[in-house]
Every structure is written in structure tokens, then in C-alpha cells.
Amino acid sequence: MIAIIFLLIQVQQIQQSGAKYYVYLEEVGELQIKVSIWGEVASPGLYSIPDGTDLLTLLSLSGGPQKNANLSRIELIRSFPQSDKITVNLSDFFKTGNRDNISIMKPGDMVFIKPTFLSKAKNFTRYVTEATLVAIVYLQLYNMFNK
């Protein structure tokens with residue numbers, strides 16, 4: 001009975017502060033929110049997670065970071081209750097194991113994990129190499145047909 005009263009009070013508070021970001025009640029007392037994670041993760045997308053879930057848990061639910069993920073400059077874009085952009089450094093957590101500075105996800109949060117600079121440089125080099133090969137083949141064909 002107390003759990004139901006607590007649940008009704010919690011739902012009423014959420015409805016007053018923006019219920020459109022909350023999804024449904026999974027179990028008695030468990031509130032689900034929608035968040036998204038993009039970029040260098042195994043399974044990017046939109047996730048329904050329990051309210052109070054932290055960024056590390058979301059990262060785990062999405063399959064974990066890719067090998068090219070820049071964990072020292074993760075962007076957390078918060079849209080509720082007001083717009084905000086937070087840069088999170090998870091590298092510190094992996095060095096120390098201290099979870100004190102790990103962000104708790106809020107309804108509507110979007111997380112973007114960028115690739116490392118080295119990964120961007122490798123991709124750029126690959127594109128330049130491919131473009132050069134196409135140009136060489138074109139020039140070879142052009143010279144062959146114009147003799």
C-alpha cells in the first residue's frame with residue numbers, strides 16, 4: 001500500500017514537471033526514461049532505461065565503446081528541464097574507479113561518443129588514398145584510349 005502511494009506521488013510530480021519524457025512503469029516503483037547514445041558504441045540508438053541510471057550503465061547497455069572511442073571528451077546533451085551541453089571524461093573513471101563524477105541520465109538525454117583524433121586521421125588518409133587510386137585508374141584509362 002505504501003509503495004502504491006509513493007508511486008502515485010512520484011507519477012504526479014513527474015506529470016507536473018514534464019511527463020512526456022518518461023515512458024512507463026516497468027515494475028512497481030520503477031520509472032523508465034528514454035535516452036539516446038550515438039557515435040563510437042557497438043549498438044547506438046534510443047534506449048528505455050530505469051530512472052537513475054548512470055552514463056556507464058548506458059554505455060554498457062549499448063554494447064560498450066568501440067576501440068576508436070574518445071572516452072575523455074564524451075558529449076552529453078541535456079534537453080530537460082533546460083538545454084545544456086556537458087563534456088564528460090570517462091578516462092578518469094577507468095584510471096581511478098571513482099564513480100563520483102559519472103553523470104546520472106535524465107529524460108531525453110543524448111550522448112555522443114566521438115572518435116579519437118588518430119581514428120579521424122586514419123579515415124582521412126584512407127579516403128585520400130582511395131581518391132588517389134581512382135584518379136590514377138582514370139588517368140591510365142584516359143591515356144590508353146587517347147593514343
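Numbers below:
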{"quantity": "In segment 10-47, the residues that are in contact with a Lys or Arg (Cβ under 9 Å, 6 or more places away or on another chain), surrounded by 14 or more Cβ atoms within 10 Å (Cβ to Cβ) and at pLDDT 80 or above", "calculated": "33, 35, 39, 40, 47"}
{"quantity": "In segment 34-55, residue farthest from residue 76 (Cα to Cα) [restricted to those that are within 10 Å of the chain's Cα centre (by Cα) and among the small types (Gly, Ala, Ser)]", "calculated": "43"}
{"quantity": "Hey, residue 71 of a type in the set (A, V, I, L, M), at pLDDT below 95, under 30 Å from residue 31 (Cα atoms) and within 16 Å of the chain's Cα centre (by Cα) or not", "calculated": "yes"}
{"quantity": "Residues that are acidic (Asp, Glu) and either at pLDDT 90 or above or in contact with an Asp or Glu (Cβ under 8 Å, 6 or more places away or on another chain) (or both), drawn from segment 85-114", "calculated": "109"}
{"quantity": "Counted residues, segment 67-81 - those being loosely packed, with under 14 Cβ neighbours inside 10 Å and over 11 Å from residue 106 (Cβ atoms)", "calculated": "1"}
{"quantity": "Where a residue in segment 56-81 is more than 17 Å from residue 99 (Cα to Cα) and its partner, wherever it lies, is part of a strand (DSSP E or B) and small (Gly, Ala, Ser), with Cβ under 8 Å and at least six apart", "calculated": "62/45; 69/39"}
{"quantity": "The one condition in (1) surrounded by 18 or more Cβ atoms within 10 Å (Cβ to Cβ); (2) assigned to a loop (DSSP other than H, G, I, E, B); (3) free of Cβ contacts under 8 Å to residues at least 60 places away in the same chain that residue 108 fails to fulfil", "calculated": "(3)"}
{"quantity": "Residue selected from segment 115-134 under the condition of a type in the set (Ser, Thr, Tyr) and at pLDDT below 85, by the criterion nearest to the chain's Cα centre (by Cα)", "calculated": "116"}
{"quantity": "Flag if residue 119 is out of contact with any strand residue (DSSP E or B) (no Cβ under 6 Å at 6 or more places or on another chain), closer than 26 Å to residue 43 by Cβ, surrounded by 15 or more Cβ atoms within 10 Å (Cβ to Cβ) and not β-branched (Val, Ile, Thr)", "calculated": "yes"}
{"quantity": "All positions within segment 82-105 that are among the aliphatic types (A, V, I, L, M), in contact (Cβ under 8 Å) with a residue 24 or more places away in the chain and not in a loop (DSSP other than H, G, I, E, B)", "calculated": "88, 104"}
{"quantity": "Check on residue 87, closer than 25 Å to residue 74 by Cβ and loosely packed, with under 10 Cβ neighbours inside 10 Å", "calculated": "yes"}
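The values are calculated or read from the model by the stated rules, or taken from the named source; none is laboratory data. On a predicted model such as this, the values are computed, not experimentally measured, just so you know. A quick note on method: Cβ atoms are made from the backbone with ideal geometry, for glycine too, and the neighbour counts reach across all protein chains shown.
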